[in-house]
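**Q** Structure provided below as structure tokens; questions to follow.
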Amino acid sequence: MSSKIYTKTGDKGQTSLIGGTRLPKHHVRIEAYGTVDELNSHIGLLRDVIEDKNVFDLLISIQDRLFTIGSQLAADPEKNKMQLPVVYEEDVVALEKAIDDMNTQVPEMKSFVLPGGHVHVSYCHIARCVCRRAERSVLRLAENETVNELHIKYLNRLSDYLFMLSRWLTMKLNVKEIAWKPKM
């Protein structure tokens, strides 16, 4: 017998955190973990088109870390009794290593580049923009509540990784980067 996916408890615009606290669905905490979840879905879409095994494996790890960040954000910091997974400094270091590795392979950047050129590159840019929004949402939450600083650091580094991945994919796919030349 399967359980139903709907509970009807959110029909009045409220949802529950891990720990039982009810908040309006527009609360900054809900917005933060919802945006992290949206980002995770975009990473999944990107993963679906990646052929490089190392990148694919790192994207799986990133999705795990995003679920971890989301679960931490979805928990009431005072009432939650559930043991949740955590993000480690080594998770940030893994992103930095991947960024540095790709940076040695791509041509030097001499100007801003326009997003696009190939659908896989565009997926990276969309994920990067959603990642920046997730970071802003978590920072907004951190203005009034305690947030693990590693979550912010991880999201910041992840957006850098996604940008570098877009450049690396542009090179691998033999697509021309289009420099931004502002019309004055």
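The values are calculated or read from the model by the stated rules, or taken from the named source; none is laboratory data. Predicted model only: the values in this text are computed from it and were never measured. All Cβ positions, glycine included, derive from the backbone under ideal geometry; neighbour counts span all protein chains shown.
**Q** Using the structure shown, decide if V92 is touching a helix residue (DSSP H, G or I) at 6+ places or on another chain (Cβ under 6 Å), part of a helix (DSSP H, G or I), closer than 22 Å to F56 by Cα and aliphatic (A, V, I, L, M).
**A** Taking the combined requirement at face value, the residue satisfies it.
**Q** Determine if the stretch 32-45 includes at least one residue that is part of a loop (DSSP other than H, G, I, E, B), touching a residue at least 12 places away in the same chain (Cβ under 8 Å), over 16 Å from N148 (Cβ atoms) and of a type in the set (D, E, K, R).
**A** No: zero hits.
**Q** Let me ask something else about it. Do we have S122 as free of Cβ contacts under 8 Å to residues at least 12 places away in the same chain and of a type in the set (S, T, Y) here?
**A** Against the criterion (free of Cβ contacts under 8 Å to residues at least 12 places away in the same chain and of a type in the set (S, T, Y)), S122 qualifies.
**Q** In the stretch 110-136, which residue that is of a type in the set (A, V, I, L, M), assigned to a helix (DSSP H, G or I) and out of contact with any His (no Cβ under 9 Å at 6 or more places or on another chain) is surrounded by the fewest Cβ atoms within 10 Å (Cβ to Cβ)?
**A** Among residues in the stretch 110-136 that are of a type in the set (A, V, I, L, M), assigned to a helix (DSSP H, G or I) and out of contact with any His (no Cβ under 9 Å at 6 or more places or on another chain), the one surrounded by the fewest Cβ atoms within 10 Å (Cβ to Cβ) is V119.
**Q** Check whether at least one residue in the stretch 69-79 is modelled with pLDDT of 95 or more, in a loop (DSSP other than H, G, I, E, B) and β-branched (V, I, T), and report yes or no.
**A** no
**Q** Looking at P85, P107 in this structure, which one is part of a loop (DSSP other than H, G, I, E, B) and either under 12 Å from the mean Cα position of the chain (by Cα) or touching a residue at least 60 places away in the same chain (Cβ under 8 Å) (or both)?
**A** Sole residue among the options that is part of a loop (DSSP other than H, G, I, E, B) and either under 12 Å from the mean Cα position of the chain (by Cα) or touching a residue at least 60 places away in the same chain (Cβ under 8 Å) (or both): P107.
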